[in-house]
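The values are calculated or read from the model by the stated rules, or taken from the named source; none is laboratory data. Everything quoted here is computed from the prediction, not taken from an experiment. Methodologically, a virtual Cβ is constructed for each residue, glycine included, from the backbone with ideal geometry; neighbour enumeration extends over all protein chains shown. Just the protein is used for accessible areas: all its heavy atoms, side chains included, with ligands, DNA and RNA removed. Shrake-Rupley method; radii C 1.70, N 1.55, O 1.52, S 1.80 Å.
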Amino acid sequence: MKNFVFLRTFFLQALWNFERLQNIGFLYILYPVLKNLYPDKEKRKEVLLRHLGFFNTNPYMVNIIIAMVINCEKNIAENKEHNLKKPEMIKSLTAGPVAALGDSFFWGTWRPFVSFAAILMIILSLNMFTLDYLWVAPVLFIVVYNIVHLAFRYWSLIISFKLDEKMIKLISKLEIKYIGDIFRIIGLIIVLSAIYFYFKIFGMVPVLEPEKYGFNYPEAVMFGIIMILSFFLGRIKPALMFYLAIIFSFILGYLRI
Amino acid sequence: MEQLIAFSLIGAVLSADITMFGQFMISRPIFCGPLFGYILGDIHTGLWLGMIVEMMWINEIPMGVSVPVDLTVMTSTAVIWSCHFFRGSQEAAVFSLAAAIPFAYLYKEVDLAGRMFNTKIMHWVEKGLESGKERRISLGIFLGLFFFMLRTSLMYFLIILAGGLLYRQLFSYIPIQLFVALKKAWYYLPVFGFGAVLYNFRSLKIPFIKTTVEKLTS
């Protein structure tokens, strides 16, 4: 049953809607369990309708909430728990905090970290490998990212079934912010390495032939100016920055720099 | 035509990864760019464009109710156009990305409309449950996925076909100065990307060193 629930969690957002966000997806994950717990159809109808309210969390962290809600529903079905509102309370009280952890770690730290590593690999592989091995960096990006992602999702489901509400304590003790800081520092080192190799490979030789245009500033200097410029333009929309980059290149081309 | 249909379906599957199913990150530009490049025999262009988009749009992820611009559509169509029409041309690759950005915003609007439609399916499921039709839970999920795949693959089909023809025509008319600019932009855009990535680290202080020292000494 746990494996079945695990597979269904991938469909959490399949019917994502603006009114109640992930409500049907959550019910879809829960449904086989509720069907077992409540064989009586009328009783089950009440329970199913109870779970149709607003729900939204990080999809990677939903397994923690699912396990806690299943444990609670089991207790209600076995008359160990009499507060029928408790599953809803668990959902509404835990969804926000665990989503914040998931967003900041997986999407704010882990994904950029693996992306930076892949970008460094791409820059190195363009210089070092033949075209036959260029697929390695994107494939490694997916494999490395998902080893951690899938392992966490499965582990969090299994351990949450065992620990129930104590899981929240465990998560808070994991010091995800501290782990995130370490990854961000390593990520910064990777980015700086990528910049170094990029400048080394493409920055020290003129991109266009100097004799054709009379003179040429060292591209490394130009790259440095661009990078500082784009750093300060960081707040603007990426699409706008992209077009500004094209205009900037156009001006440089026009000025024959 | 078979290739166009295949690309539309592959694109829809990749886009589904953003919110609809899994979130395995196969939708990220750094993966989908090289994938289409590999299929079309020019992985180098795919990697380069994927790398540029990945860096410049590093913070574009669906959080809460926000619907970000679809980077998968942007990267995939740019790679498909440039590799199909002007394989190996760096200028054409940069131009394809510039041309693909408006289409990604157009797709976002379609996606928003699709999510509005999902609300109707959700109410249909709710009504069904009230009258004891439990099968509607699975059907609702299936319909959500089905309509997503339908509208996304149709959008890919139209963007690749109509946008591609427009792109090819426009590229043949660009002036020489812009041609030089696009050539330069091929090397400058990753540097702009590095700047955008470094901007992400602006809030990074080094408290972790302090924490580590405190942990080691305690």
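Values for this structure:
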{"read-out": "Cβ-Cβ under 7 Å pairs, at least 6 apart or on other chains, segment B:163-185 side more than 9 Å from chain A (Cβ to nearest Cβ), far side of a type in the set (S, T, N, Q) and open to solvent by less than 40 Å² (accessible area, probe 1.4 Å)", "value": "B:163/B:77; B:167/B:96"}
{"read-out": "Residue count, segment A:24-58 (criterion: out of contact with any Gly (no Cβ under 8 Å at 6 or more places or on another chain) and part of a loop (DSSP other than H, G, I, E, B))", "value": "7"}
{"read-out": "Candidates A:158, A:176, A:182, A:186, filtered to the one that is touching a helix residue (DSSP H, G or I) at 6+ places or on another chain (Cβ under 8 Å), free of Cβ contacts under 8 Å to residues at least 40 places away in the same chain and of a type outside the set (Phe, Trp, Tyr)", "value": "A:182"}
{"read-out": "Sole residue being modelled with pLDDT under 95 and in contact with a strand residue (DSSP E or B) (Cβ under 7 Å, 6 or more places away or on another chain), chosen from B:115, B:135", "value": "B:115"}
{"read-out": "Residues satisfying the stated conditions in segment A:196-244, i.e. assigned to a loop (DSSP other than H, G, I, E, B), at pLDDT below 80 and open to solvent by 70 Å² or more (accessible area, probe 1.4 Å)", "value": "A:204, A:205, A:209, A:215, A:217, A:218, A:235"}
{"read-out": "Tally of residues being within 26 Å of residue B:62 (Cα to Cα) and of a type in the set (D, E, K, R) across segment A:52-91", "value": "2"}
{"read-out": "Criterion (open to solvent by 10 Å² or more (accessible area, probe 1.4 Å), more than 18 Å from residue B:156 (Cα to Cα) and not small (Gly, Ala, Ser)) met by exactly one of B:51, B:63", "value": "B:63"}
{"read-out": "When residues of segment A:22-37 are limited to those that are at the interface with another protein chain (Cβ under 7 Å from one of its Cβ atoms) and among the aliphatic types (A, V, I, L, M), the one surrounded by the fewest Cβ atoms within 10 Å (Cβ to Cβ)", "value": "A:27"}
{"read-out": "Residue in segment A:92-108 that is more than 21 Å from the chain's Cα centre (by Cα), open to solvent by 10 Å² or more (accessible area, probe 1.4 Å), within 13 Å of chain B (Cβ to nearest Cβ) and closer than 29 Å to residue B:59 by Cβ present", "value": "no"}
{"read-out": "Tally, over segment A:8-23, of residues that are touching a residue at least 40 places away in the same chain (Cβ under 8 Å) and outside any helix (DSSP H, G or I)", "value": "3"}
{"read-out": "Residue check, residue B:3 at negative phi and free of Cβ contacts under 8 Å to residues at least 12 places away in the same chain", "value": "yes"}
{"read-out": "Selection from segment B:123-146 of residues that are without any contact (Cβ under 8 Å) to a residue 40 or more places away in the chain, open to solvent by less than 60 Å² (accessible area, probe 1.4 Å) and either part of a helix (DSSP H, G or I) or farther than 20 Å from residue A:54 by Cα (or both)", "value": "B:125, B:126, B:128, B:129, B:132, B:136, B:137, B:138, B:140, B:141, B:143"}
{"read-out": "Scope segment A:1-20; condition more than 7 Å from every other protein chain (Cβ to nearest Cβ), farther than 14 Å from residue A:60 by Cβ and open to solvent by less than 20 Å² (accessible area, probe 1.4 Å); matching residues", "value": "A:5"}
{"read-out": "Matching residues, segment A:38-49, being more than 7 Å from chain B (Cβ to nearest Cβ) and either under 24 Å from residue A:153 (Cα atoms) or not aliphatic (A, V, I, L, M) (or both)", "value": "A:38, A:39, A:40, A:42, A:43, A:44, A:46"}
{"read-out": "Residue satisfying condition, being open to solvent by less than 30 Å² (accessible area, probe 1.4 Å), hydroxyl-bearing (Ser, Thr, Tyr) and at pLDDT below 90, within set B:188, B:156", "value": "B:188"}
{"read-out": "Qualifying residue in segment B:88-100 (condition: on the phi > 0 side of the Ramachandran plot and open to solvent by 20 Å² or more (accessible area, probe 1.4 Å))", "value": "yes"}
{"read-out": "Enumeration of residues in segment A:245-257 that are open to solvent by 70 Å² or more (accessible area, probe 1.4 Å) and either modelled with pLDDT under 65 or more than 7 Å from chain B (Cβ to nearest Cβ) (or both)", "value": "A:247, A:251, A:255, A:256"}
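Results for (1) closer than 30 Å to residue B:197 by Cβ; (2) not aromatic (Phe, Trp, Tyr), shown as yes or no for each residue.
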residue: A:39; (1), (2): no, yes
residue: A:45; (1), (2): no, yes
residue: A:54; (1), (2): no, no
residue: A:74; (1), (2): no, yes
residue: A:91; (1), (2): no, yes
residue: A:99; (1), (2): yes, yes
residue: A:103; (1), (2): yes, yes
residue: A:112; (1), (2): yes, yes
residue: A:127; (1), (2): yes, yes
